[in-house]
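These notes are about the structure you will find just below.
The values are calculated or read from the model by the stated rules, or taken from the named source; none is laboratory data. Since this is a predicted model, take the numbers as computed values, not measurements. Here the Cβ positions follow ideal geometry from the backbone for every residue, glycine too, while neighbour counts run over all protein chains shown. Calculation scope for accessible area: heavy atoms of the full protein, side chains included, ligands and nucleic acids excluded. Shrake-Rupley method; radii C 1.70, N 1.55, O 1.52, S 1.80 Å.
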Amino acid sequence: DPDAMLFDQCCAVSCQCETLPPLNPGAWGRFADISASDSGALVSAYDTTYGDLVFATHGNISGALESIEYVDGVPSSGTIVADPAGPRGGISDPGEDVGQHTSIATHSGITYIAYYDVANQSLKLAHGTSRAFETLTVDNSVGDVGRYTSITIDSSGIVHLSYYAHRRTVTADDGSTVEVTGPMYARSTTASPTSGDDFEIMPIEEVSSCNGMCLGEQVCVSQNGIPM
């Protein structure tokens, strides 16, 4: 009150704690997929600003964004610079780059998201409900696997995944190791998988890989079954 706060006539000053404003989400929306639920539209996507897997919900009628959650990619430790209840728990520090090539499905109220772990070049799966997701690595084969995912959950709750192995090291009949490429299929052996051990993994088709040895003006071709 400027009228009362004059010379020696000052009012008492008090302080109180206020919650920081939430962290602004990054540029998210690439590698997106969508699934319908009774409550609305569920979207999985990749945040290119932070390199994170994003899960968003949209209203059934309005289609408006209702919530956004960063499921994977946020570092477990970091400086909180914004509202801890907001996006990324208020942490702006980058974590591991994950969340590309997403696919999403729902079953019995549980959301499942398959995605590519860019940093570790592996296939991952997140499952759960909002604010209660668990993540696990499905396929961490030596090489580069997990792109172009597609997911479905059958009536028994078994998870079925198809994806692409860009490079995958396998053991040949003579005991040597070779690199192959091709589409893959993974199926959970339980309706509640907790690790990669709960999945059966099998190649759909395998061909030899050039292992990225081509120059910019070259492409990898197969001649008599040999990559050239």
Net length gained if the chain between VAL170 and LEU215 were fully extended (0.36 nm per residue, minus Cα distance): 13.7 nm
Å³ per residue enclosed by the Cα convex hull of region 42-125: 106
Would you mind giving the average projected area, over all directions, of the Cα convex hull of the chain in nm² with one decimal? 20.9
Cα centre as origin, Lys/Arg/Asp/Glu Cβ charges: the chain dipole, Debye: 460
Apply the Kirkwood formula to region 63-168: the hydrodynamic radius equals the inverse of the mean of 1/r over all pairs of different alpha-carbon atoms; give it in Å with one decimal. 14.9
Let's test the formula: R0 of 35 Å, r as the Cβ-Cβ distance of ASP3 and ALA85. What FRET efficiency results, to the nearest 0.05? 0.35
Rounded to whole Å², per residue accessible area for region 107-160 with a 1.4 Å probe reads 42
When the Kirkwood radius is taken over all Cα pairs of region 120-228, what Stokes-Einstein diffusion coefficient follows at 4 °C and 1.567 mPa s, in µm²/s? 84
For region 57-106, what does the accessible surface come to per residue with a 1.4 Å probe? Please give it in Å². 46
I'd like the distance separating the alpha-carbon centroids of region 98-170 and region 26-44, in whole Å. 15
Select from ILE158, ALA41, ILE226 the residue farthest towards the positive end of the dipole of the chain; place +1 on Cβ of Lys and Arg, -1 on Cβ of Asp and Glu, and compute about the Cα centre. ILE226
Quote to one decimal, in nm, the extra length available between ILE61 and ASN24 on full extension: 0.36 nm per residue of separation minus the C-alpha distance between them. 10.8 nm
For the ranges 142-155, 110-123, 165-178, 185-198, what's the packing order if you count other beta-carbon atoms within 10 Å of each residue, average per peptide, and put the highest first? 110-123, 142-155, 185-198, 165-178
Over the Cα atoms of region 1-93 the radius of gyration and the largest Cα-Cα distance (Dmax), both in Å, equal 20.4, 66
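Counting residues in region 93-146 as N, plug N into 2.2 N^0.38 Å and put the Cα Rg over that result.
Working: Rg = 11.7 Å, N = 54, 2.2 N^0.38 = 10.0 Å.
Working it through for region 93-146, the quotient is 1.16.
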Paired Rg and Dmax values of region 132-181, which use every Cα atom, in angstrom: 14.3, 46
Measure off, as a whole percent, the carbon and sulfur share of the 1.4 Å-probe accessible area of the chain, all protein chains present. 51
Region 168-228 - Kirkwood radius from inverse mean 1/r over Cα pairs (Å): 13.9
Of the residues PHE133, GLY29, THR106, the Cα lying farthest along the dipole of region 1-135 towards its positive end, which is defined by charges on the beta carbon of Lys, Arg, Asp and Glu, belongs to THR106
